[in-house]
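Report on one structure; see the data block that follows.
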Amino acid sequence: MLPNEATVPTIPTQHELTGIIGLVDAAMRQGSDQTMLTDYPLVYLEQNLKNIRIVIADGQVVSVVPYIPRQMVVEGCQLSIGIISPTATHPNYRKRGYALACLKSNVAQMEQDGIDLSILWTQVPTFTFYEHAHYQGVRMQITMYPCQKADAPLFHHHGHDMVTYTPLTEHYLSEIQEMHEREPYGVWRKPEEYRYLFSLPKMQTLIALQDGQPCAYLVTSLATNKPGLVEGGGDVHGLETLVAHALEHWPGEPEAIRGYGYLVPSTLGDLLEHTIGERRQPGPGNMMIRLNNPRRFLEKIKPWLEKRYSGAEGAISFEIREPNVAGAASDIISWEFKAGRLRFGQEQQEFHTVLSRRDFTSVLFGEHLARRVTLPKFGQANHLRDIFPFYFPLWILDTS
């Protein structure tokens, strides 16, 4: 059943934020001493309310779907992404189309604002819901390295002095920002966002000092939504010192302490891979991506494509449409590699294939085992497996 005229999605006011938090906390924080308001502070800032959609029925917020826009850098390519954040519908108002209406309203806003990709994490049984808005389950891009307190000696202590970042004073915050921005991949954070991200509940940030100057940082967390060795950067020896210290002094006796890496290089992920790479596992959760504008996304990653396909020549084309939907609009995207350069067009090439937007998403980002896709072949020189998947790191803190 679709929402009636009185319950179409709206943008909330600051006054309605209490009802929103009550709804998402009841759905996701029952029995916890944490709240979404402080777990995901950037989502609920006043300036992000325009990116939240709610349905009000019987005088209360009964459904909410928010997103938060971020900017990402991948090997010099700049992308805009919209992260779908904590979503909930009151149990008495489910199966009425409210959440899907909110989601589609957010998608329309993202397309209007020129956001290239939308990303979310969910359980496989809910894939079908998001597929109504052309999201597709893809390969998880986070890797996880389970650690124990007893693993501390595996990480060498290089003799650095250590201090703990204090959010109230914000001392060392600019140095943390500088170290994070040295990473070749990641979300570009506004200076004011660092204050929120490094003040999240049940987290602390350790700083390694070399000759009295900050040279590395490590975020450790006991939060239910982001537990473990969450993020690190800077000098690798300084970071290794911090990991050794964090594991040795981890409170309690947890079964496993998560360390996080990605399918692209990162200072912390590379250190964990070098030291305990045999333990690498896929990260927790299931990732879905929506290509808001396939052509624009490919144009954004043109430098990456030219580097990836360097020295090859050939032309291919894709027709993006819904094969089983009569009268569905389609878009032909062609590309031609020649002399190391890539040209995009709209003409159909000899090697041509028709794909739905969701299947094309799997081609670009890697398929999820629950959403297998047969990759098209364009001859030996143009096999898509030689080019894709395209991986990007969405750091754990940047989902906040």
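Which is closer than 30 Å to E192 by Cα and either at pLDDT below 95 or surrounded by fewer than 20 Cβ atoms within 10 Å (Cβ to Cβ) (or both), of D386, D398, D359?
On the way: D386 fails: closer than 30 Å to E192 by Cα; D359 fails: closer than 30 Å to E192 by Cα.
Residue meeting the stated conditions: D398.
Pick from segment 159-174 the residues that are under 19 Å from D398 (Cα atoms) and surrounded by 17 or more Cβ atoms within 10 Å (Cβ to Cβ): which of them is nearest to the chain's Cα centre (by Cα)?
Within segment 159-174, the match that is nearest to the chain's Cα centre (by Cα) is L173.
Could you list, in sequence order, all residues of segment 11-23 that are more than 14 Å from Y67 (Cα to Cα) and not charged (D, E, K, R)? Lay out the reasoning, then the answer.
We begin by selecting, within segment 11-23, every residue more than 14 Å from Y67 (Cα to Cα); these are 13-19, 21-23.
If the condition is that a residue be more than 14 Å from Y67 (Cα to Cα) and not charged (D, E, K, R), then T13, Q14, H15, L17, T18, G19, I21, G22, L23 are the ones that fit.
Restricting attention to segment 180-228, which residues are surrounded by fewer than 19 Cβ atoms within 10 Å (Cβ to Cβ) and of a type in the set (K, R)?
The answer is R182, K190, R195, K202.
Rundown of residues vs (1) closer than 30 Å to R321 by Cβ; (2) touching a Lys or Arg at 6+ places or on another chain (Cβ under 9 Å); (3) at pLDDT 95 or above; (4) hydrophobic (A, V, I, L, M, F, W, C), yes/no style:
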| position | (1), (2), (3), (4) |
| --- | --- |
| L103 | yes, yes, yes, yes |
| M179 | no, no, yes, yes |
| R182 | no, no, no, no |
| Y185 | no, no, no, no |
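I'd like to check something: does segment 107-121 contain any residue that is within 30 Å of R308 (Cβ to Cβ), in a helix (DSSP H, G or I), of a type in the set (A, V, I, L, M) and touching a residue at least 40 places away in the same chain (Cβ under 8 Å)? Explain how you work it out, then say what you get.
To start, the set of residues in segment 107-121 that are within 30 Å of R308 (Cβ to Cβ) comprises 107, 110-111, 113-121.
Still in the list and also in a helix (DSSP H, G or I): 107, 110-111.
Those still in the list that are of a type in the set (A, V, I, L, M) too: 107, 110.
After this cut, where a residue has to be touching a residue at least 40 places away in the same chain (Cβ under 8 Å) as well, the list is 107, 110.
Looking through segment 107-121, at least one residue is within 30 Å of R308 (Cβ to Cβ), in a helix (DSSP H, G or I), of a type in the set (A, V, I, L, M) and touching a residue at least 40 places away in the same chain (Cβ under 8 Å).
Just to verify a result, which residue in segment 200-212, among those that are over 25 Å from the mean Cα position of the chain (by Cα) and touching a residue at least 24 places away in the same chain (Cβ under 8 Å), is farthest from D270 (Cα to Cα)?
Our first condition is that a residue be over 25 Å from the mean Cα position of the chain (by Cα); within segment 200-212, this holds for 207-212.
Filter once more, so that each one left must be touching a residue at least 24 places away in the same chain (Cβ under 8 Å): 207-210, 212.
Details: I207: 19, A208: 18, L209: 21, Q210: 21, G212: 26 Å.
In this case the residue turns out to be G212.
Only one residue in S334, S317 is surrounded by 19 or more Cβ atoms within 10 Å (Cβ to Cβ) and either assigned to a loop (DSSP other than H, G, I, E, B) or under 30 Å from the mean Cα position of the chain (by Cα) (or both). Which one?
Working: S334 fails: surrounded by 19 or more Cβ atoms within 10 Å (Cβ to Cβ).
On inspection, the qualifying residue turns out to be S317.
Take G340 and decide whether it is surrounded by 15 or more Cβ atoms within 10 Å (Cβ to Cβ) and either modelled with pLDDT of 90 or more or touching a Gly at 6+ places or on another chain (Cβ under 8 Å) (or both). So that I can check it myself, show each step before the final result.
Working: surrounded by 15 or more Cβ atoms within 10 Å (Cβ to Cβ): no; either modelled with pLDDT of 90 or more or touching a Gly at 6+ places or on another chain (Cβ under 8 Å) (or both): yes.
Against the criterion (surrounded by 15 or more Cβ atoms within 10 Å (Cβ to Cβ) and either modelled with pLDDT of 90 or more or touching a Gly at 6+ places or on another chain (Cβ under 8 Å) (or both)), G340 does not qualify.
If you go through segment 273-326, how many residues are under 23 Å from T128 (Cα atoms) and modelled with pLDDT under 85?
So in segment 273-326, the residues under 23 Å from T128 (Cα atoms) come out as 282-294, 320-326.
If we keep only those that are modelled with pLDDT under 85 too, we end up with 322-326.
Number of matching residues: 5.
So P91 passes all but one of these: (1) modelled with pLDDT of 95 or more; (2) of a type outside the set (F, W, Y); (3) crowded, with 20+ Cβ neighbours inside 10 Å. Which condition number does it fail?
Every listed condition holds for P91 apart from (3).
I'm trying to understand the selection: among the residues of segment 19-65, which are touching a Ser or Thr at 6+ places or on another chain (Cβ under 8 Å), of a type in the set (S, T, Y) and under 17 Å from K226 (Cα atoms)?
Within segment 19-65, S32, Y40 meet the criteria.
Residues are listed down the side, and each one gets a yes or a no for (1) within 23 Å of K95 (Cβ to Cβ); (2) β-branched (V, I, T):
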residue	(1), (2)
T13	no, yes
L17	no, no
I21	no, yes
S32	no, no
Y40	no, no
Y44	no, no
L49	no, no
Q60	yes, no
S63	yes, no
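The values are calculated or read from the model by the stated rules, or taken from the named source; none is laboratory data. Just so it is clear, the structure is predicted and the values come from calculations on it, not from any experiment. In this analysis, Cβ positions are derived from the backbone assuming ideal geometry, glycine residues included, and neighbour counts consider all displayed protein chains.
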